[in-house]
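The values are calculated or read from the model by the stated rules, or taken from the named source; none is laboratory data. Just so it is clear, the structure is predicted and the values come from calculations on it, not from any experiment. Ideal geometry is used to build each Cβ from the backbone, glycine not excepted, and the neighbour counts take in all protein chains shown. For the accessible areas, the whole protein counts, side chains as well, though only heavy atoms, and no ligand, DNA or RNA atoms are used. Shrake-Rupley method; radii C 1.70, N 1.55, O 1.52, S 1.80 Å.
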Amino acid sequence: MSGSPFGSRFAALNHHAASLHFPPGVDLSRTVLIIPLRELNITFVREYINQKKPLGGLLVLLPEVLSFKTGGNKQVHEKEKMKNLLAELERLLVHSNIPYPVYFAFENDEIDTVLADIKKNDLMGQPATATTGGYKFVIPTAEPKKVASPTMTNIQGWLSGLKTDGDANQLPTIAIVASYDTFGAAPALSVGSDSNGSGIVALLEIARLFSLLYSNPKTRGRYNLLFGLTSGGPYNYNGTQKWLRSFDQRLRESIDYAICLNSIGSWDNELWIHVSKPPENAYIKQIFEGLSNVAEELDLKVGLKHKKINISNPR
């Protein structure tokens, strides 16, 4: 992104395993540390990354409570705690250039037995080596190649509004947009139900309802409706940018209003409208009041967040 590496890359692994019970001052440059998430000290990981301490690799074990199984109240509390820790770890991994492989796995009986063995040997002062034996992790992968330009696929839908007899000009357009992909430090563990699965579901439902209305001239509005599912959201909205550039000038100028649906499934009876114009702006006021009135009938609250956009910022 803008010439800088972004995201994950393939990483081979071929080192002996150790637990957190290693003696102080030991050389870990050819060692894979196995750390269960519940034992993870984020300061320890931050130090290893920031101070570029030598390490062969890192394997973080995620508790089964973070998989798709559900549990009781205790598990819900534990799950929340683990998710917050994982989010902090992910931020650290995504925004740092890490010189060693980092892998994730879910805890299970087999890996717990392996870890117990490793801990026992480490506590006895018998870490795994080429001569003493022990556990070794081997993951062969091809040399990573930089993805110079990822493929961005956008999906577009269109419903034509109803023109009256004397209406020679192009009808105004309302654009409804949602970014459809997700991102994670470990690609296979990316979770996108609210980033942005919820926005996609809303867009598809709006498209379904309006296609029924627009199929009958009596219930067709005097607006064209443009629907866009865009890719590359975490990649600086690269897909959205590509999609906007593909419009001809007439279409771009006809867009009267655009709404981007994003992360709308994580609210407690509250939705937020993010705007770049001040809330006092007559147009923003009108939209906010309209949505608030409908929301009130449904026992929902609508809030407004104003953030001025710096269009010269590349990110």
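Any idea how many residues of the range 234-259 are in a helix (DSSP H, G or I) and within 29 Å of the chain's Cα centre (by Cα)? Qualifying residue count for the region: 9.
Within the range 207-237, being open to solvent by less than 50 Å² (accessible area, probe 1.4 Å) and not hydroxyl-bearing (Ser, Thr, Tyr) holds for ALA207, GLY221, ASN224, LEU225, LEU226, PHE227, GLY228, LEU229, GLY232, GLY233, PRO234, ASN236. On the given criteria, is PRO144 more than 26 Å from the chain's Cα centre (by Cα) and touching a residue at least 24 places away in the same chain (Cβ under 8 Å)? Judged against the criteria, PRO144 is not a match.
Considering (1) surrounded by 13 or more Cβ atoms within 10 Å (Cβ to Cβ); (2) outside the structural domain of PHE247 (by the TED database); (3) basic (Lys, Arg), the lone condition that LYS163 does not fulfil carries the number (2).
Okay, residues lined up against (1) at pLDDT below 90; (2) outside the structural domain of TYR103 (by the TED database); (3) over 21 Å from LYS120 (Cα atoms); (4) more than 25 Å from the chain's Cα centre (by Cα):
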| residue | (1), (2), (3), (4) |
| --- | --- |
| HIS15 | no, no, no, yes |
| VAL45 | yes, no, yes, no |
| ASN73 | yes, no, yes, yes |
| GLU78 | yes, no, yes, no |
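For the criterion of being assigned to a loop (DSSP other than H, G, I, E, B) and under 18 Å from THR173 (Cα atoms), ARG208 fails.
Which of the residues that make up the range 107-161 are hydrophobic (A, V, I, L, M, F, W, C), closer than 26 Å to ALA12 by Cβ and out of contact with any Phe, Trp or Tyr (no Cβ under 7 Å at 6 or more places or on another chain)? Selection gives ILE111, LEU115, ALA130, PHE137, VAL138, ILE139, VAL147, ALA148. For the range 137-152, the set of residues classified as open to solvent by 100 Å² or more (accessible area, probe 1.4 Å) and more than 19 Å from SER4 (Cα to Cα) consists of PRO140 only.
Does at least one position in the range 304-312 carry a residue that is farther than 25 Å from VAL191 by Cβ, modelled with pLDDT under 90, open to solvent by 70 Å² or more (accessible area, probe 1.4 Å) and assigned to a helix (DSSP H, G or I)? No - not one qualifying residue is present in the range 304-312. For the range 153-204, which residues satisfy the criterion of being among the hydrophobic types (A, V, I, L, M, F, W, C) and in a helix (DSSP H, G or I)? Residues satisfying the conditions are ALA188, LEU189, ILE200, VAL201, ALA202, LEU203, LEU204.
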